[in-house]
1. Which residue out of Arg14, Arg20 is basic (Lys, Arg), farther than 18 Å from Glu69 by Cα and part of a helix (DSSP H, G or I)?
2. Filter segment 239-290 down to residues that are farther than 27 Å from Thr172 by Cβ and assigned to a helix (DSSP H, G or I), then give me how many there are.
3. Can you confirm whether Leu47 is surrounded by 18 or more Cβ atoms within 10 Å (Cβ to Cβ) and farther than 15 Å from Asp142 by Cβ?
4. Somewhere in segment 83-100, is a residue surrounded by fewer than 13 Cβ atoms within 10 Å (Cβ to Cβ) and of a type in the set (Val, Ile, Thr)?
5. Take Val217 and tell me if it is in contact (Cβ under 8 Å) with a residue 12 or more places away in the chain, among the hydrophobic types (A, V, I, L, M, F, W, C) and buried (at least 20 other Cβ atoms within 10 Å of the Cβ).
6. Within segment 271-284, can you find the residues that are surrounded by fewer than 20 Cβ atoms within 10 Å (Cβ to Cβ) and at pLDDT 90 or above?
7. Taking the residues in segment 246-270 that are touching a Lys or Arg at 6+ places or on another chain (Cβ under 6 Å) and surrounded by 17 or more Cβ atoms within 10 Å (Cβ to Cβ) as candidates, determine which candidate is farthest from Pro164 (Cα to Cα).
8. Being farther than 19 Å from Glu159 by Cα and out of contact with any helix residue (DSSP H, G or I) (no Cβ under 7 Å at 6 or more places or on another chain) is the filter; apply it to segment 129-145 and report the residue that is surrounded by the fewest Cβ atoms within 10 Å (Cβ to Cβ).
Amino acid sequence: MELHQLRYFCAVARAGNFTRAAENQHVAQPSLSQQIHKLEDELGAKLFDRFPRFARLTESGKAFLPKAEAILRQVGEARAEIQEKSRAEVGTVYVGSIPTIAPYFLPPVLARFAGRYPGVSVRVIEDITSGLLDHLHHGRVDLVLLALPVRGEELQFEELFREPLFASLPETHRLASRKTIGLAEIRNEPFLLLKEGHCFRENALAACRRSRIHPNVIFESGHFSTILSMVATGMGVSVVPAMVVCKHPGCRFVRLSDDRMARSVGLMQLKHRFPTRAQRALMEELRHHARAIRANLPR
């Protein structure tokens, strides 16, 4: 069994087609097919069901895929570890982030980082928490920004900061001029929340449960910007984290008075995975920005 055979196998599994996999691997299609056949012979099992226009993993192929991916990932990490000992900060770092953090937290970090480390390219993948964990386990991202807690013995995480929650109200709302409010004070208002799958939705609902209210949710969206625009029209109220608070026409943001109503923003990676120089540099930049946020959070 050779490494290039594993790479070809994983490429076909991803592409679902021998021709596209060969193109992606920059190899002739007959050569790729031959190597897959050799791998199947060595394993004593058929890995793909072959059809005229596509290839589908067999049960044996499905069982072998995570093992092949793990081998390639470990070889890549070993290579990176050796290279890093005599190398400056170069390469590509893949960062995953939930959509309720990425547009508010990452832009200033990436702008500063690009100026300090021009040899490093950063690629950002936005997804909900479950998707990001899948990306992390399969080596598609190196670091993840998300809301804590997240469980998993194979995960290593650190809290970057905790941010308070705010009620987002129409500017004409009777409570819009207050400095703080209790969530129970808007218990009878129509609520606009993020839709299922977004972890901040659970933050908002947990805050409601703590205040013993059952919100009347009349609108759901995947983006805070849409929700705030709806709040501005007077459709209802919402709950948002501090980083979303901004000068939004038609909206007022009032801090929730219960200090326990907060979101924990954390940085996560896999345990026992060697971080490259570039990854370590970016992690330090993320921590630097988090310290600035902590210093400027509303009291």
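The values are calculated or read from the model by the stated rules, or taken from the named source; none is laboratory data. Since the structure is predicted, the reported quantities are computational estimates derived from the model, not experimental observations. Here the Cβ is made from the backbone with ideal geometry for all residues, glycine too, and neighbour counts use every protein chain on show.
1. Details: Arg14 fails: farther than 18 Å from Glu69 by Cα.
Only one candidate passes the filter, namely Arg20.
2. Filtering segment 239-290 down to residues farther than 27 Å from Thr172 by Cβ leaves 259-260, 262-290.
With assigned to a helix (DSSP H, G or I) added as a condition, the list becomes 277-290.
Matching residues across segment 239-290 total 14.
3. Values: surrounded by 18 or more Cβ atoms within 10 Å (Cβ to Cβ): yes; farther than 15 Å from Asp142 by Cβ: yes.
Here the answer is yes, as Leu47 does meet what is asked.
4. Taking segment 83-100 as the starting set, the residues that turn out to be surrounded by fewer than 13 Cβ atoms within 10 Å (Cβ to Cβ) are 85-86, 88, 92.
Now restrict to residues that are of a type in the set (Val, Ile, Thr): 92.
Taking every residue of segment 83-100 in turn, at least one turns out to be surrounded by fewer than 13 Cβ atoms within 10 Å (Cβ to Cβ) and of a type in the set (Val, Ile, Thr).
5. Working: in contact (Cβ under 8 Å) with a residue 12 or more places away in the chain: yes; among the hydrophobic types (A, V, I, L, M, F, W, C): yes; buried (at least 20 other Cβ atoms within 10 Å of the Cβ): no.
Here the answer is no, as Val217 does not meet what is asked.
6. Arg280, Ala281, Met283, Glu284
7. Filtering segment 246-270 down to residues touching a Lys or Arg at 6+ places or on another chain (Cβ under 6 Å) leaves 254, 262, 264.
Within this subset, residues satisfying the condition of being surrounded by 17 or more Cβ atoms within 10 Å (Cβ to Cβ) are 254, 262.
Working: Val254: 11, Ala262: 4 Å.
The extreme case among them is Val254.
8. Restricting to residues being farther than 19 Å from Glu159 by Cα and out of contact with any helix residue (DSSP H, G or I) (no Cβ under 7 Å at 6 or more places or on another chain), the top hit is Asp134.
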